[in-house]
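A short write-up of the structure that comes next.
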Amino acid sequence: MTIRSLLFVPGDRPERFPKAAASGADALILDLEDSVAPENKPAARAAIVEWLNGERPVRSFVRINPLDSEHVRADLAAVIGARPDGLVLPKSQGAASVWQLIEIAGRDCPPILPIASETPSAVFGLGSYGEAADRLAGLTWGAEDLPAAIGAATARNPDGSYTQPYEMVRALTLFGAHAAGVAAIETVYPNIADTAGLEAYVARGRRDGFTGMMAIHPSQVAIINAGFSPSEAEIAHARAVIATFAANPGAGALKLDGKMIDRPHLKQAQALLERAGVAAG
């Protein structure tokens, strides 16, 4: 089943790990990067390893520090042996960054989720991830580091929507993920208190083709999971589309409930049921 929600948790706050795991998130992202001060990184590594070596009630990814940082080798030396379910790679530049991480981590490197838009040069590598698709857990983006990197005032309009340059980056990440055949993960919604805004943001992400989303607070998880889960009506319609084509082998276009359906509709129906983890009949 597709990962709908990935919840960030600071690695140096182990008292939050159980609450995060109980939030209903499909996966945790135990963070060693931005949310952890340099002096706290050793303690964060130790806390994460202890968690990974425990019962681990939910899939647990680790966000390491960037490949060009002084911390990344210590991160990997600490966590790889504890076998995290994935690594989140910040400041990724493209497939070359994925291969570089695998070389450093060694043969036990788990699937990698690159954050693929945090530097100007990274934008030009978004089409390269297909070269490393079998080593990826998905592809995601961020709207905070990139404007800071180019001296932009903000990535957002007054109403909270993205300005045109960052809408472009979002779209390129979406298509880069699908071109590579991996999960397209929407970036975080930073306003924790704005549940209506989050619901709209999730609905927009799913509408556009994202399959899941990162969260920064446990209260966001239920909304994200609901928004990225097909409804019973959607599942029923997908099954009907598949059944209609199964009953008419060789047909290119058919009518269902008074509307025309064709092969792209069949592909969409099959993908929806696969994401939902349910059978066609």
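Any read-out appearing in this document is the output of simple, stated calculations on the displayed coordinates, not a laboratory observation. Note that this is a predicted model, so its numbers are computed, not measured. Here the Cβ positions follow ideal geometry from the backbone for every residue, glycine too, while neighbour counts run over all protein chains shown.
For the chain, what's the relative contact order in percent, using C-alpha pairs closer than 8 Å and at least 6 residues apart?
In percent, rounded to a whole number, it is 16.
Amide H neighbours of Leu113 under 5 Å, counting only residues 5+ apart in sequence or on other chains, H built in-plane at 1.01 Å?
Residues meeting the amide H criterion: Leu87, Val88, Leu89, Ala137.
Residue separation times 0.36 nm, minus the C-alpha to C-alpha distance between Arg73 and Lys259: what's the value?
Stretched fully, the Arg73-Lys259 segment lengthens by 61.3 nm.
Rounded to whole Hz and in sequence order, give me ³J(HN,Hα) for the stretch 261-277 from the Karplus expression 6.51 cos²θ - 1.76 cosθ + 1.60, θ = phi - 60°, writing x for Gly and Pro.
10, 9, 4, x, 5, 5, 4, 4, 5, 5, 5, 4, 5, 5, 5, 6, x
As an exercise, find the ratio Rg/Rh for the stretch 125-278 from alpha-carbon atoms, using the Kirkwood inverse-distance average for Rh.
Ratio of gyration radius to Kirkwood radius for the stretch 125-278: 1.03.
Identify all aspartates and glutamates with a Cα-Cα distance to Lys19 below 20 Å; exclude those on the same chain that are fewer than 8 residues away in sequence.
Cross-link targets: Asp31, Glu50, Glu55, Asp85.
Using C-alpha positions alone, give me the convex hull volume of the stretch 21-138 per residue in cubic angstrom.
Measuring per residue, one finds 107 Å³ for the Cα hull of the stretch 21-138.
On each of the three principal axes of the Cα atoms of the chain, give max minus min coordinate, whole Å, ordered largest first.
Answer, in whole Å and largest first: 64, 44, 39 Å.
When N counts the residues of the stretch 232-274, how does its alpha-carbon radius of gyration compare numerically with 2.2 N^0.38 Å, as a ratio?
Ratio of Rg to 2.2 N^0.38 Å for the stretch 232-274: 1.03.
If each residue's Cβ is checked for other Cβ atoms within 10 Å, how do Ser60, Ser219, Ser121 rank with the fewest at the top?
Ser121, Ser219, Ser60
How many nm separate the modelled label positions at Ala243 and Glu167, each set 7 Å beyond the Cα in the direction of the Cβ?
Placing both labels 7 Å along Cα→Cβ, they lie 4.0 nm apart.
Using Cα positions and a limit of under 17 Å, work out the lysines in reach of Lys259, with same-chain residues fewer than 8 apart set aside.
Partners within reach: Lys267.
Rounded to the nearest 0.05, what FRET efficiency is calculated for Ala226 and Arg16 with R0 set to 30 Å and r the Cβ-Cβ distance?
0.85
Roughly how many nanometres apart are two label points built 7 Å out from the Cα toward the Cβ at His178 and Asp34?
Result for the modelled spin labels: 2.6 nm.
Using R₀ = 25 Å, calculate the FRET efficiency as 1/(1 + (r/R₀)^6) where r is the Cβ-Cβ separation of Ala96 and Ala152; round to 0.05.
In this case the efficiency is close to 0.45.
So if R0 is 22 Å, what FRET efficiency would Glu131 and Glu103 give, r being the distance between their Cβ atoms, rounded to the nearest 0.05?
Once the sixth-power term is evaluated, E becomes 0.90.
Can you give the % of DSSP beta bridges in the chain that are antiparallel, to the nearest 5?
If I count the DSSP bridges inside the chain, around 15 percent turn out antiparallel.
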